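Structure, as structure tokens:
The values are calculated or read from the model by the stated rules, or taken from the named source; none is laboratory data. On a predicted model such as this, the values are computed, not experimentally measured, just so you know. Here Cβ is always computed from backbone atoms with ideal geometry, including for glycine, and neighbour counts include all displayed protein chains. Ligands, DNA and RNA are excluded from the accessible area calculation, which covers all protein heavy atoms including side chains. Shrake-Rupley method; radii C 1.70, N 1.55, O 1.52, S 1.80 Å.
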Amino acid sequence: MPRTAVPNPEQVPADSKPTLDAFTKNIGFTPNMLAIFALSPIAFNSWATLRGSLSKALDLKTRESISLAVSEVNGCNYCLAVHTFGAKHAKMSTDEIILARKGHANDPKRDAAVQFARKVIETRGKVSDADVKAVRDAGYTDANVMEIVALVAVYSLTNFFNNVFDPEKDYPAVEPAGSI
């Protein structure tokens, strides 16, 4: 059950409006999660800036695969619905989406990134030397590894936000986390 009401446009703080309006224009509607998040201009605009910068990291399918793996581990059904929707727009098949939720990918290089991201979230960053070597051996640079860690963090932020505030779902539902 939602823990806070979705604000109407007049209730959104002025400092959040430009960012929220940009998302609304890009997506075509205002997702409940974004409207609620916009109640804190500091948190919302900081997240949006980081998310925007990270949209240049890696490729879209790898980013979406990481988002699905992290959201699965964190048990965020709202984010699983959002990122499943995004993965379909990235032309990922249903099998690829399920594989990503399990922390894998059918492409060997992407698989290494997704496995590493899952280990980062599961171990709270306390990965082994072998884990770092595996992602490097797949062709990722240290800068790419940093980007994977940053993606894990930004997706975890929205997972935690949605798990705390439980906004009403406004994306097509997916099977609950852990059921695949």
Practice prompt. Enter the accessible area per residue of the chain (Å², integer; probe 1.4 Å; all protein chains in place).
Written response: 52 Å²
Practice prompt. For the chain, give the magnitude of the charge dipole about the Cα centre (Cβ charges: +1 Lys/Arg, -1 Asp/Glu; no others), in debye to the nearest 20.
Written response: 180 debye
Worksheet item: By a straight-distance test (C-alpha under 19 Å), which lysines pair with Lys17 as possible cross-link partners, with residues fewer than eight away in the same chain excluded?
Response: Lys25
Worksheet item: For segment 52-139, with only Lys/Arg (+1) and Asp/Glu (-1) charged at the beta-carbon, what is the dipole magnitude about the Cα centre, in debye rounded to 20?
Response: 180 debye
Fill in: Relative contact order [Cα under 8 Å, 6+ residues apart], the chain, whole percent
31 percent
Worksheet item: So between Asp129 and Thr141, what do we pick up on full extension, going 0.36 nm a residue minus the alpha carbon distance?
Response: 2.8 nm
Worksheet item: Counting Lys and Arg as +1 and Asp and Glu as -1, each charge on the Cβ, what is the dipole of segment 1-87 about the Cα centre in debye, to the nearest 20?
Response: 100 debye
Practice prompt. Pick out, from Leu80, Val174, Ile98, the residue whose Cα sits farthest towards the positive end of the charge dipole of segment 67-180, with +1 on the Cβ of Lys and Arg and -1 on the Cβ of Asp and Glu.
Written response: Ile98
Worksheet item: Just how much of Ser93 is accessible, in Å², when a 1.4 Å probe is used and the result is rounded to the nearest 10?
Response: 50 Å²
Worksheet entry | Coil-residue trypsin sites (Lys or Arg not before Pro) of segment 3-67, DSSP, other Cβ within 10 Å capped at 12 | Arg3, Lys56
Worksheet item: Out of segment 84-180, which GluC sites (Glu not before Pro) are coil in DSSP terms and have no more than 14 other C-beta atoms within 10 Å?
Response: Glu168
Worksheet entry | Anchor Lys61: lysines whose Cα lies under 16 Å away (excluding residues fewer than 8 positions away in-chain) | Lys88, Lys91, Lys102, Lys109
Worksheet, complete the sentence: With DSSP loop assignment and no more than 16 other C-beta atoms within 10 Å, the chymotrypsin sites (Phe, Trp or Tyr not before Pro) in segment 5-107 are Phe29
Fill in: Coarse-grained scattering of segment 64-129 at q = 0.13 Å⁻¹, given as base-10 log I(q)/I(0) from a Debye sum over alpha-carbon atoms
-0.31
